[in-house]
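Here it is: the structure, laid out below.
The values are calculated or read from the model by the stated rules, or taken from the named source; none is laboratory data. Keep in mind that this is a model prediction, so the values were computed, not measured. Note that we place each Cβ from the backbone using ideal geometry, even for glycine, and neighbour counts take in every protein chain shown.
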Amino acid sequence: MTTFRTIDDLDVTGKRVLVRADLNVPMKDGKVTNTTRIDRTVPTLLELADKGAKVIVLSHLGRPKGQKKPEFTLKPVADALAASAGRPVAFASDCIGPEAKAVADNMKNGDIAMFENVRFYAEEEKNDQDFARRLAENGDILISDAFSCSHRAHASVEALARILPSAAGRLMQAELEALEGALENPQRPAAALVGGAKISTKLDVLGNLLSRVDQVIIGGAMANTFLAAKGLDVGKSLCEHDMLDSARDIMAKAEGSGCEIVLPADAIAATEFSDMAATETVAVESVPKTMMILDIGPKAIKDLKARLGGLKTIMWNGPLGAFEVKPFDDATNAVAREAAKLTKEGKLLSVAGGGDTVAALQNAGVADDFSYVSTAGGAFLEWLEGKSLPGVAVLRK
């Protein structure tokens, strides 16, 4: 039973349905270069169209800062959407006013249209009620399919959902169900794997996870700070020396809440960050002063693979090593592939998210083999931090 409204809760037949999608896609020379975000929202649009709705897509593109800049027009995105959906997509050169109304009034049941960039108006990012009301003039229902924008209290995300009957689209629904399944009431034992460079950017994430999972596995350069906080010399490794007290505080809180903090037993070290550098496997207690840790070592990999076998749920955010340069992607690849294998065998619920995480899983060739991979960067992190997201709160039952 979901805690939020979905398409199933609304009768959309014959209605003008505004769909707030996140079609903020990469562009080059006026052409869309990656259609992933478009492709992921198409099932929502086609389902609504097939149910006889008049489907109107709202989105932003880039940061035009309230100005109508031609390089941020959604017209090429509308063309890419038509190609992905296999249906014609009408385009309105404005998101409010007479141009938008003319396109909306001309639609038949089952038609799909797209309105121009909502961020061409400064009122969008101010969550302006009057602007939201003007958007609502061309809609009877709002379907929110943009989890990746839901941490922003913007007019088309938050204020509009208070004016029109609203519900989650299928992409938003899948994202929320995956995240709630992994964090709110996970199957246990549950673990979070948190990697990346800095504790300072993940303090709130770590603080929230300690009370929700049984183990927090720490990798990436962040692990160096924890090792240093335990009194170990990490040599020339990237380490936040001003965060040692915070790391100790997290370890103490973990002990108090019965959550195990898992740190690597060994590491791959080199004198420089380069694919040409000579590497050495070292115990974390004996990192040479002239070397830096760039990945976790074979013992740590073996330990993590064994741990995965005993888990029911894993939430993954951040790589285990400096995966952008070989061979420092070995640990991330090995552990990600093991998680993917267990997921395919039906033994593990695996949810991952965050920009570097998605790139790391793609590098390992397993981005499609996890239970769910979130493409929402900021919204995913704020969810992990336990924050209420404005664009989700308005959809609660």
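Looking for whichever is basic (Lys, Arg) and either outside the structural domain of Ile268 (by TED's automatic domain parsing) or in a helix (DSSP H, G or I) (or both) here; the options are Lys236, Lys253. Which one fits?
Only one candidate qualifies: Lys253.
Go through the range 1-111 and tell me which helices (runs of 4 or more DSSP H), entirely inside it, have 1 or more residues that are touching a residue at least 40 places away in the same chain (Cβ under 8 Å) and farther than 28 Å from Ala122 by Cα.
Answer list for the range 1-111: 36-50, 75-85.
What tally of residues in the range 139-151 results from selecting those that are surrounded by fewer than 24 Cβ atoms within 10 Å (Cβ to Cβ) and either among the charged types (D, E, K, R) or in a loop (DSSP other than H, G, I, E, B) (or both)?
Within the range 139-151, residues that are surrounded by fewer than 24 Cβ atoms within 10 Å (Cβ to Cβ) and either among the charged types (D, E, K, R) or in a loop (DSSP other than H, G, I, E, B) (or both) number 3.
Any chance you could count how many residues in the range 212-226 are out of contact with any Cys (no Cβ under 8 Å at 6 or more places or on another chain) and hydrophobic (A, V, I, L, M, F, W, C)? Reasoning before the result, please.
Initial filter on the range 212-226 (out of contact with any Cys (no Cβ under 8 Å at 6 or more places or on another chain)): 212, 217-220, 222-223, 226.
Still in the running and hydrophobic (A, V, I, L, M, F, W, C): 217-218, 222-223, 226.
So the count comes out to 5.
With the structure loaded, tell me whether Thr332 is touching a Pro at 6+ places or on another chain (Cβ under 7 Å), crowded, with 21+ Cβ neighbours inside 10 Å, more than 24 Å from Ser200 (Cα to Cα) and not assigned by TED's automatic domain parsing to the domain that holds Arg20 or whether it fails that test.
So Thr332 fails the test.
Can you tell me which residues in the range 252-278 are buried (at least 17 other Cβ atoms within 10 Å of the Cβ) and touching a residue at least 24 places away in the same chain (Cβ under 8 Å)? I'd like the intermediate steps shown before the answer.
Let us first name the residues in the range 252-278 that are buried (at least 17 other Cβ atoms within 10 Å of the Cβ), namely 254, 259, 261-264, 266-270, 277.
If the condition is that a residue be buried (at least 17 other Cβ atoms within 10 Å of the Cβ) and touching a residue at least 24 places away in the same chain (Cβ under 8 Å), then Ala254, Cys259, Ile261, Val262, Leu263, Pro264, Asp266, Ala267, Ile268, Ala269, Ala270 are the ones that fit.
To keep it simple, each residue is scored yes or no on (1) assigned to a strand (DSSP E or B); (2) under 19 Å from Lys15 (Cβ atoms); (3) out of contact with any strand residue (DSSP E or B) (no Cβ under 8 Å at 6 or more places or on another chain).
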position: Glu123; (1), (2), (3): no, no, yes
position: Asp130; (1), (2), (3): no, no, yes
position: Ala153; (1), (2), (3): no, no, yes
position: Ala174; (1), (2), (3): no, no, no
position: Glu177; (1), (2), (3): no, no, yes
position: Gln187; (1), (2), (3): no, no, no
position: Ala191; (1), (2), (3): yes, no, no
position: Gly196; (1), (2), (3): no, no, no
position: Val205; (1), (2), (3): no, no, no
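Further question: Within the range 182-208, can you find the residues that are farther than 19 Å from Val358 by Cβ and surrounded by 17 or more Cβ atoms within 10 Å (Cβ to Cβ)? Give the steps one after another, and end with the answer.
First pass over the range 182-208, keeping only residues farther than 19 Å from Val358 by Cβ: 184-191, 199-200, 203-204, 206-208.
Once the filter is applied, which keeps residues that are farther than 19 Å from Val358 by Cβ and surrounded by 17 or more Cβ atoms within 10 Å (Cβ to Cβ), the range 182-208 yields Pro186, Ala190, Ala191, Ile199, Leu206, Asn208.
Further question: May I ask you to verify whether Leu320 is surrounded by 19 or more Cβ atoms within 10 Å (Cβ to Cβ), within 19 Å of the chain's Cα centre (by Cα) and outside any helix (DSSP H, G or I)? Full working, then the answer.
Numbers: surrounded by 19 or more Cβ atoms within 10 Å (Cβ to Cβ): yes; within 19 Å of the chain's Cα centre (by Cα): yes; outside any helix (DSSP H, G or I): yes.
Criteria met by Leu320.
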